[in-house]
Amino acid sequence: MGQLVRVPANETQRLLAVRSLNAIHSSPTPELATLAELARSVFETPYAAINIIDEDWQRIAGQAGLKITECSRDMSICTRVVFDDGLLVIPDLVEDPELKTAPFVLDDPCFRFYAGAPVRLENGLPVGAFCILDQKARGFSEGEQRSLTQFAQIASALLRLQKNNLLMGIAENGLRTAAMTDPLTSFFNRSALEGIVDGALSAAISAGRSFGVLYLDMDGFKAINDRFGHNVGDEVLCEAASRIRSVIRADDIVVRMGGDEFAVFVPDLPEGSALISLSERLLAAFRAPFAVEGVSIFARLSIGAAIAPRDGTTRALLLRNVDAALYQAKAAGRDRVAVFGS
């Protein structure tokens, strides 16, 4: 039977704080488990844990001693600690009118004693509890209460540190991604060649897979900028990016090499004909005019193609060969694909 617990007025804000810990409390944290083990030793109890209380569940952030599974928050004694935001000591659970019939009291592990102190984040909102449980009733002195509160404070500090480290990691990844992203088209820029493309190429060659490369150049783009201005040129490039995105696969890597030139890297190429098929779809996508400010503008593609390891095993060699193929496509009349070595 569930407990009768009141929901605090700040529950919405509290749950927002809990959600900020999602990546941390999705599985037990080693540092918190070590802290729980220390508390178990200090208080000489069979079980200690740091629990997080979310919308529906008690999540275990770290535990020591008996192996207890997660449970609904209605069945969790820690819910009382969190909702009352204060130390809770129950010397004998059998004496508690609500908890005496709880499964964890009547059945294995047959707990009789509970003590818990709130665990809080920076904003002071309680997100969980540091608790110890025993299978026999016992007293809990004022000194022990202070010690448990201090354990909860250390757990709070660890959670805050882990949360901040997580946010810093997310921010660092975001900055790294931003540094490799072209702001106009949202494709990668040339910085991604070493950071992403080289790794994908090396992985493909090591696994014995083919790796395709296409070099795209928009025919007549300079004339668009000269005639209509760079603002119109930018709109054409944005639409060009949308057309490329509509054709490529999710795993393909597109890099804006500069101006109206794009490179498409195909990490897991099933066969050479698939690269030609992709090229033909790209050519078809660019044969429709670009409608900008009521004007129809044509900017078709010329494409050079190469395949690793046949045409090279390094990015520098592949780009040199695919650029030579692109020159062949332009020399042959544009709006077509040329494969290196063909």
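Helix 142-179 versus the longest principal axis of the chain: what angle, 0 to 90°, nearest 10, using Cα atoms?
So the helix axis and the longest Cα principal axis differ by about 0 degrees.
When the chain is fully extended, how far beyond the present Cα-Cα distance does residue 228 get from residue 203, taking 0.36 nm per residue of separation?
So the chain would gain 4.6 nm between residue 228 and residue 203.
Excluding ligands and nucleic acids, what accessible area in Å² is computed for residue 110 using a 1.4 Å probe, to the nearest 10?
60
With the full set of protein chains in place, find how many percent of the accessible area of the stretch 191-339 is carbon and sulfur; take the probe as 1.4 Å.
Answer for the stretch 191-339: carbon and sulfur cover 50 percent of the accessible area.
Give a residue-ordered list of calculated ³J(HN,Hα) values for the stretch 59-67 (Karplus: 6.51 cos²θ - 1.76 cosθ + 1.60, θ = phi - 60°; whole Hz; x for Gly, Pro).
Karplus values, whole Hz, x for Gly and Pro: 9, 8, 8, x, 8, 8, x, 4, 8.
Suppose accessible area is computed on protein heavy atoms with a 1.4 Å probe; arrange 281, 243, 112 from highest to lowest.
Final ranking, largest accessible area leading: 281, 112, 243.
Taking amide H atoms as placed 1.01 Å from N in the peptide plane, list the residues 5 or more away in sequence, or in a different chain, whose amide H sits under 5 Å from that of residue 54.
The list, which skips near neighbours in sequence, is 59.
Summing Lys, Arg as +1 and Asp, Glu as -1, what charge do residues with Cβ under 14 Å from the Cβ of residue 293 carry, residue 293 excluded?
Net charge in that neighbourhood comes out at -2.
Please compute the per residue accessible area over the stretch 191-339 with all protein chains in place, 1.4 Å probe, rounded to a whole number of Å².
On a per-residue basis, the stretch 191-339 sits at 45 Å².
Heavy atoms only, probe 1.4 Å: what % of the accessible area of the stretch 10-177 goes to carbon and sulfur, would you let me know?
Result for the stretch 10-177: 55 percent of the exposed heavy-atom area is carbon or sulfur.
Could you point to the residue in 321, 195, 273 farthest towards the positive end of the chain's charge dipole, with +1 and -1 charges on the Cβ of Lys/Arg and Asp/Glu respectively?
The one lying farthest along the dipole's positive direction is 321.
So how tilted is helix 230-247 from the main axis of the chain? Cα-based, degrees 0 to 90, rounded to 10.
With both axes taken from Cα atoms, the answer is about 70 degrees.
Compare the Cα positions of 63, 111, 90 along the charge dipole of the stretch 10-177 (+1 at Cβ of Lys, Arg; -1 at Cβ of Asp, Glu; about the Cα centre) and return the one farthest towards the positive end.
Checked the options; the winner is 63.
For a label point 7 angstrom out from the Cα of residue 243 toward its Cβ, which stretches of the stretch 284-317 have the backbone nitrogen within less than 16 Å?
284-304
Under a 1.4 Å probe, what is the accessible area of the stretch 10-177 per residue, stated in Å²?
It amounts to 47 Å² per residue over the stretch 10-177.
Which is the longest stretch in the chain that no exposed loop site breaks, taking sites as GluC sites (Glu not before Pro) with a DSSP loop state and at most 11 other Cβ atoms within 10 Å?
56-270
Taking only pairs that are 8 or more places apart or on different chains, how many Lys pairs in the chain have Cα atoms under 30 angstrom apart?
Within the chain, the lysine pair count is 5.
Going by alpha carbons, how many degrees (0 to 90, nearest 10) lie between the helix axis of 30-43 and the longest principal axis of the chain?
10
The values are calculated or read from the model by the stated rules, or taken from the named source; none is laboratory data. Predicted model only: the values in this text are computed from it and were never measured. Here the Cβ is made from the backbone with ideal geometry for all residues, glycine too, and neighbour counts use every protein chain on show. What goes into the accessible areas is simple: the full protein's heavy atoms, side chains included, and nothing from ligands, DNA or RNA. Shrake-Rupley method; radii C 1.70, N 1.55, O 1.52, S 1.80 Å.
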